[in-house]
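Peer 1: Following this message is one structure expressed as structure tokens.
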Amino acid sequence: MDQTAAQKLVFAMLDADGDGIVSREEYMARTRNVALAMGLKDDDQLVVTARTLGERAWASMDADGDGKMTFDEYAAWAGAEAFDTVCAPVLGALFDLADTNHDGVLDLCEFTALRTALNNPATNAEAAFTALDTDGDGRISRDGYIASIRAHVTGESSPMGRALYGRPLSDIPA
């Protein structure tokens, strides 16, 4: 899958209401949704950290400060450097919210809760988990999770990219 196709899948996931624009509210709802799914309160330190990192990420993505991001804006921003400096910390913080026993890995239940809270269909969670669980131990690591998403959004080979984002390109607006 090329980088633009991968970015379209990610953008569609971020665009929760499907209107072709990712609003600040949609983006920031990610932390709230994961916290709610995991039963965490707004003042939990992990939630505060994830929200702070999300705010920083949004400020970086919304270059013109209008509170909205189109696909073209996202595509111009997204890439390896943006992922490494902005996205990876946010994804790590969201992973930490889902890691209910704080063991540094997610089981299928935690992974499914995380991905569905992030607007991915629950129907693809097991396939994505299986693709990530390369050693078959029933757990995925934080580093492996982030590396797989990085590979996907930068257009590299990611065995779980399609499964993780769960929508065929034909379903994504051009």
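Peer 1: Which residues, taken from region 111-156, are over 16 Å from P89 (Cβ atoms) and among the acidic types (D, E)?
Peer 2: Within region 111-156, E126, D133, D135, D137, E156 meet the criteria.
Peer 1: Which residue pairs have Cβ atoms closer than 9 Å, lie 6 or more positions apart in sequence or on different chains, and pair a first residue in region 62-75 that is touching a residue at least 60 places away in the same chain (Cβ under 8 Å) with a second residue that is part of a helix (DSSP H, G or I) and open to solvent by 60 Å² or more (accessible area, probe 1.4 Å)?
Peer 2: Hits for this filter: A75/Q3; A75/T4.
Peer 1: Name the residue, out of S170, S148, that is hydroxyl-bearing (S, T, Y) and modelled with pLDDT of 85 or more.
Peer 2: S148
Peer 1: If a residue has to be open to solvent by less than 60 Å² (accessible area, probe 1.4 Å) and part of a helix (DSSP H, G or I) to count, how many in region 128-146 make the cut?
Peer 2: Result for region 128-146: 7.
Peer 1: Go through (1) touching a residue at least 60 places away in the same chain (Cβ under 8 Å); (2) open to solvent by 20 Å² or more (accessible area, probe 1.4 Å); (3) over 22 Å from A127 (Cβ atoms) one by one and return the number of the condition A37 breaks.
Peer 2: Checking A37 against (1) touching a residue at least 60 places away in the same chain (Cβ under 8 Å); (2) open to solvent by 20 Å² or more (accessible area, probe 1.4 Å); (3) over 22 Å from A127 (Cβ atoms), the one that fails is (3).
Peer 1: What number of residues within region 40-67 are over 24 Å from G104 (Cβ atoms), open to solvent by less than 40 Å² (accessible area, probe 1.4 Å) and in a helix (DSSP H, G or I)?
Peer 2: 2
Peer 1: When residues of region 106-126 are filtered for being open to solvent by 20 Å² or more (accessible area, probe 1.4 Å), charged (D, E, K, R) and closer than 19 Å to L9 by Cα, how many remain?
Peer 2: 1
Peer 1: Determine if region 74-88 includes at least one residue that is outside any helix (DSSP H, G or I) and at pLDDT 95 or above.
Peer 2: The answer is no; no qualifying residue exists.
The values are calculated or read from the model by the stated rules, or taken from the named source; none is laboratory data. From a predicted model like this one, the values you see are computed outputs, not experimental measurements. Here the Cβ is made from the backbone with ideal geometry for all residues, glycine too, and neighbour counts use every protein chain on show. With ligands, DNA and RNA removed, areas are computed over all heavy atoms of the protein, side chains included. Shrake-Rupley method; radii C 1.70, N 1.55, O 1.52, S 1.80 Å.
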